[in-house]
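S.K.: Take a look at this one; I'll ask things after.
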Amino acid sequence: MDRTERFYKIDQLIHERKRVSFAELLEALEVSRATLKRDLEYMRNRLNAPIVWDREAGGYRFDTSPAASGGQYELPGLWFNSNEIHALLTMQHLLANLDPGGILTPHIQPLMARLNSLLGSADDAAEEVRRRILVFGLARRELKLVHFEKVGSALLRRRRLAITYFARGSGEVSEREVSPQRLVFYRENWYLDAWCHLRNGLRSFALDSLQRVDMLETRAREVSSRTMDAELGAGYGIFSGKSLKTARLRFTPQRARWVAKESWHPKQKGRFDAEGCWLLEFPYTDHRELMMDILKFGADVEVLAPEDLRSRIAQEVERVKAIYAR
């Protein structure tokens, strides 16, 4: 029986029988005398359980006197075994590393503290997770916690936001009113999909490019999930657009060993040809992000179609060659 289960069992036995002897607890829990003593001591000192030994009755009971109600007694609200607790601590560590600036950590820290205490050796358990699991984030950009909190609050309360946004592509700063629809964590960074009342259409905003965020009392405009997916989720990557094209790529047999296991798009299609090359095709709307992903494979990938994408890649290769030829 797990330690947390024993806490609940002790609580149940004392509530049902009013008084429970040490021997009865030993029999019900099937643990050693030392373990039972540690459990009772933990429940008294850490969980504020008003458990007292009644010498006359020869058993343990709950002290119901006013003097015993100083600290609130409450069993853990979540019932986990030790393996589940270790898994949650591991997930918390992953979140802390994947989450730039610790956006989520302050909100889940109370739960993590309770889980640590339930394991008994709190520091050792958490430290072991940190020591054994390494998470490296690439191309991560910092964002302000207060902006994330305001965006998240407006998103769930269905309120509009007044934002000052810096568009890196054009270098322009604009004042906008938007209706938040969903938050997206993509390639180490957070984005807000929203209806932009300035542009009168759906847009994706990088949260780290928000210079000012104010929540308004105005009700947010609702956009259906089908419309969101059609305009923002149909093509490749984070860029949106309604004009879908199909990219067809061929990877060398050496690179195919990796790419064949990768997911580039939910609607991708892939197969090996007679030479062992991996043929991959998927829809896209904007060439910018796709070009970056293609170029990183160098000579191990060939763009078969469309011709517009093939031409853009060729031009970029020539531009790179010209720079290094100087």
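The values are calculated or read from the model by the stated rules, or taken from the named source; none is laboratory data. The model shown is predicted, which means the values in this text are computed figures rather than measured ones. Note that we place each Cβ from the backbone using ideal geometry, even for glycine, and neighbour counts take in every protein chain shown.
S.K.: If the Cβ limit is 9 Å and pairs must be 6+ apart or interchain, which residue in the range 159-183 that is closer than 14 Å to SER209 by Cα and touching a residue at least 24 places away in the same chain (Cβ under 8 Å) pairs with which residue that is outside any strand (DSSP E or B) and of a type outside the set (A, V, I, L, M, F, W, C)?
M.R.: Listed by first residue and then by second, the contacts come to ILE163/HIS147; TYR165/SER209; PHE166/SER209; ALA167/SER209; ARG168/SER209.
S.K.: Hey, among the residues in the range 253-307 that are at pLDDT 95 or above and among the β-branched types (Val, Ile, Thr), which one's surrounded by the fewest Cβ atoms within 10 Å (Cβ to Cβ)?
M.R.: VAL259
S.K.: Could you say whether any residue in the range 301-319 is over 23 Å from LEU232 (Cβ atoms), among the β-branched types (Val, Ile, Thr) and without any contact (Cβ under 8 Å) to a residue 24 or more places away in the chain?
M.R.: yes
S.K.: Scan the range 286-299 and tell me whether some residue there is outside the structural domain of ARG187 (by TED's automatic domain parsing) and over 18 Å from GLY237 (Cβ atoms).
M.R.: Checking the range 286-299: at least one residue is outside the structural domain of ARG187 (by TED's automatic domain parsing) and over 18 Å from GLY237 (Cβ atoms).
S.K.: Now a separate question. Could you figure out which of (1) more than 17 Å from LEU304 (Cα to Cα); (2) of a type in the set (Ser, Thr, Tyr); (3) assigned to a strand (DSSP E or B) isn't true of SER263?
M.R.: (3)
S.K.: Same structure, new question: Kindly provide the set of residues from the range 299-317 that are under 16 Å from ARG288 (Cα atoms) and not in a helix (DSSP H, G or I), ordered by number.
M.R.: If the condition is that a residue be under 16 Å from ARG288 (Cα atoms) and not in a helix (DSSP H, G or I), then VAL303, ALA305, PRO306 are the ones that fit.
S.K.: Can you tell me how many residues within the range 133-184 are outside any strand (DSSP E or B) and either among the basic types (Lys, Arg) or crowded, with 16+ Cβ neighbours inside 10 Å (or both)?
M.R.: Adding up the residues that qualify gives 14.
S.K.: Quick check on my filter: what residues within the range 171-194 are farther than 15 Å from GLY233 by Cβ and modelled with pLDDT of 90 or more?
M.R.: GLY171, GLU172, VAL173, SER174, GLU175, ARG176, GLU177, VAL178, SER179, PRO180
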